[in-house]
Structures are given as structure tokens and as C-alpha cells.
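Novice: Once you've had a glance at the structure underneath, I'll fire off some questions.
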Amino acid sequence: MSYRILVRQQQSDLAALFLAAMEDHPFVLLTPSEDNLDWTDASAITGYIREKSPNLVVNFTEQYRTANERDVDAASAIAKAAMGRALPLIQLSSFEALGPFYRDAGVGEELVEAASTGFARTERAAVAAEKALVLRLPWVLDSVRGSLFDEINPALLAGSLKTVSDHHDLTLVHSSFVVQCLVAITQQIFCSAENWGVFNLRAADSCSEAELVDTIVRMINSEADLDIAMPNVSAGRESERLLAGSANFLGRRCTDDFGIQFPSWRHGFKSQIKRWLHKNDLVPDLRKVKRS
């Protein structure tokens, strides 16, 4: 019998990427909508679990950088329904859990007890389950709303990008890497992996805002034959910065517990720039050009 995966927020872009990847695997995907299942009602979820017998619940938020009150209530209700059933829960989270301030020392793999952000409350609600894994994401580069490209590239092209910092560091991952890790973690949970708590997904190396934007500027200018100027760079730890929050992740639980190897943030970066330029009609997509 195939393993059954219950997925909340199947319409969100990150969940859609995960579900598409899962079509290549022999799992049954259960995706009741908010209209068909009240995800904030623990008794309703319990009834659904009894009827459908899922082996895993994956709880996405509507947008990977936003957790609203309904997301908090849903995480709490799912955790209550999962308690006592040994039903594993994967809760997606974000660097936004820590709020808008920057942590010089980096962000470790622990719950943020003092923060009142939506994601921090969602994390704390989820870990009430007997078997809960919080997968906390840094900046996602592409293919989802609120991605790093969404934040930077249009402003660069418009010449309106604010000053960037050479001291505020971040880690970033591609959306495809997030999905690959989710699939790998899911498979290992089904093979009896017992690894619970907070896991930071990240790149092997970090970069400053200035280093990141300089790389984007150089690649866009090269690929699209443009002459975008590098914005002002501010120096010093107390200087102005472009991006809020602390996405400078630390920790290696994904590697130690699941064998996931963190790639460099530069790996595949050029290909993603090309895709973004194609999508925004700034260069022709050579894959669609008919051969003569």
C-alpha cells in the first residue's frame, strides 16, 4: 500500500512545486481545500485523519514569507490532531520567524521563544505534536511570491534599488532545492527516520547584500546586454541595509540527520538569472526558438 501524504495549502506556489515533484513518486496525495476541511478545527482534522489514514502531514503557509492567524490556528489544530497518533508533521517556516531585526551572530536551529511573529507562533504550535519537524527557509531565490528576485531585480531595472550593505549577510536557496529537500526528508521519514525539531535549510556559504546584488547586476548586464548600475554600497555593521530580517542561518541538522548536502549559493545562479530574464521577456528563450 502506498504512503499517503496530507497537504495543506495545496494552492500555494511552494506547495504546488512540491506536489508536482511528488507526482513522480508512488505516494497518494491528499489535498483537501479550506472549503472542504476546516484546518483550524482539530476535531474536523481528526475525523479526516481517521477516514483517510495519512502517514504524514505537510503544512504550508499561503506564502512562504507570510504566516497569518489562520496559519497559526491551523498549525495548532494539526498538532492536536496528530498527538497520540504518532503521525509525523512537517511544518514549513521562514527566517521571518525572527522578525525584522538582524542578528550578527547568525540564526541557530532552535525555537524563537520570545518572538511574536506569525511564523514563530506557528513553529511553537507545530512542535506540540509528538513528531514535528519545522523546516525553516532562508531567502528563496526564485519561482515563489516574495522571492529574492522579486525583491531585487525589478528595482534594479528601474534604477530605484536602495543602498545595499556589505556587512549584512544572508543565505539563499533555489526553490528547486527546497522541493528536493522536502522530498528527501519525506522519503526518510517513511523509512523510519526519527528526526524532529527545527531544521534550517540554507546554502553552504553566505553572502553580503552587496556581493549578491553585484553578482545579479553583472549577470543581467551580460545576458541582456544592459548597463545597469550598481547601487550605493554602505559599509559598517550599523549601516543602512536593503533586506529586513535575519536570513544568515547556521546549523547542519539537515546534513547530520538527513544527509542533505548544502550547495553554494552560486550553484545554478546563472541559470536562474536566465530563466528570470526569459520570463520577463528581456531576452529570447532560446529553447523556444525554432532551429533553422
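The values are calculated or read from the model by the stated rules, or taken from the named source; none is laboratory data. Small disclaimer: the values here were computed from a predicted structure and weren't measured. What goes into the accessible areas is simple: the full protein's heavy atoms, side chains included, and nothing from ligands, DNA or RNA. Shrake-Rupley method; radii C 1.70, N 1.55, O 1.52, S 1.80 Å.
Novice: Nearest 10 degrees, 0 to 90: what angle lies between the long axis of helix 69-82 and the longest principal axis of the chain (Cα atoms)?
Specialist: That helix lies at roughly 40 degrees to the long axis.
Novice: I've got another one for you. Taking just the alpha-carbon atoms of segment 87-152, what radius of gyration and Dmax come out, in angstrom?
Specialist: Gyration radius and largest Cα-Cα distance of segment 87-152: 12.9, 40 Å.
Novice: Okay, next question. Quick check: at a probe of 1.4 Å, how many percent of the accessible area of segment 4-280 sits on carbon and sulfur atoms?
Specialist: The nonpolar share, carbon plus sulfur, comes to 45 percent.
Novice: Residues of segment 4-280: accessible area per residue at 1.4 Å, in Å²?
Specialist: 41 Å²
Novice: Note the angle between two axes, namely the Cα long axis of helix 269-279 and the longest principal axis of the Cα atoms of the chain, as a number of degrees from 0 to 90, rounded to the nearest 10.
Specialist: 90 degrees
Novice: Cross-link list 162/274; 131/270; 162/270: which exceed 29 angstrom alpha carbon to alpha carbon?
Specialist: 131/270
Novice: Further, regarding this structure: Direction-averaged shadow area of the convex hull around the Cα atoms of segment 4-280, nm²?
Specialist: About 14.5 nm², averaged over all directions.
Novice: Sticking with this one: With everything on Cα atoms, drop me the angle between helix 148-158 and the longest principal axis of the chain, reported from 0 to 90° to the nearest 10.
Specialist: Compared with the principal axis, the helix lies near 30 degrees.
Novice: Starting from the Kirkwood Rh over alpha-carbon pairs, what translational D in µm² s⁻¹ does segment 155-292 have by Stokes-Einstein at 25 °C and 0.890 mPa s? Working shown, then result.
Specialist: On the way: Rh = 17.4 Å.
Reported coefficient: 141 µm²/s.
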